[in-house]
Amino acid sequence: MKTYTIKGMGCTGCATTVEERLSKVAGVTAVKVDFNAQKAFVESKEEVSLPALQKALEGTDYTIEKN
């Protein structure tokens, strides 16, 4: 499991949107977003690149960064 910082979330609904979008990335098996911590915990069966996760959030106000 890898941990990422999410920026731009203003409510728990935002966290749900981030979770839904990241869970659609190929190879991702589970995503949990902690709104209060502004973190995403991503589990995958193979290496998932940061650019792939960033692409999943394109068109939103959210950004994702490695910790």
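No lab work stands behind these numbers, since they all come straight from the coordinates. Keep in mind that what you see is a predicted model, and the values were worked out from it rather than measured. So basically every Cβ, Gly included, is an ideal-geometry build from the backbone, and we count neighbours across all protein chains shown.
So, by mean Cβ neighbours within 10 angstrom, what's the order for 45-55, 18-28 with the highest one leading?
18-28, 45-55
Candidates (1) 14.8; (2) 11.5; (3) 12.0; which is the computed Kirkwood radius over Cα pairs in Å?
(2)
With both bridge residues required to lie in region 2-66, what share of the DSSP beta bridges run antiparallel, to the nearest 5%?
100
With an 8 Å cut-off on Cα pairs and a minimum separation of 6 or more residues, tell me the relative contact order of the chain in percent.
On the way: 111 pairs, mean separation 29.2, N = 67.
So the answer I get is 44 percent.
Against the longest alpha carbon principal axis of the chain, how many degrees, from 0 to 90 and to the nearest 10, is the axis of helix 12-23 turned?
So the inclination is approximately 20 degrees.
Per-residue ellipticity at 222 nm for the chain, helices alone: DSSP H runs ≥ 4 residues times -39500 (n - 2.57), over residue total, nearest 500 deg cm²/dmol?
-8000 deg cm²/dmol
Quick one: Karplus J couplings for region 36-53, per residue in order, coefficients 6.51, -1.76, 1.60, θ = phi - 60°, nearest Hz, x for Gly and Pro?
4, 8, 6, 10, 10, 10, 10, 10, 8, 8, 9, 5, 10, 6, 4, x, 5, 5
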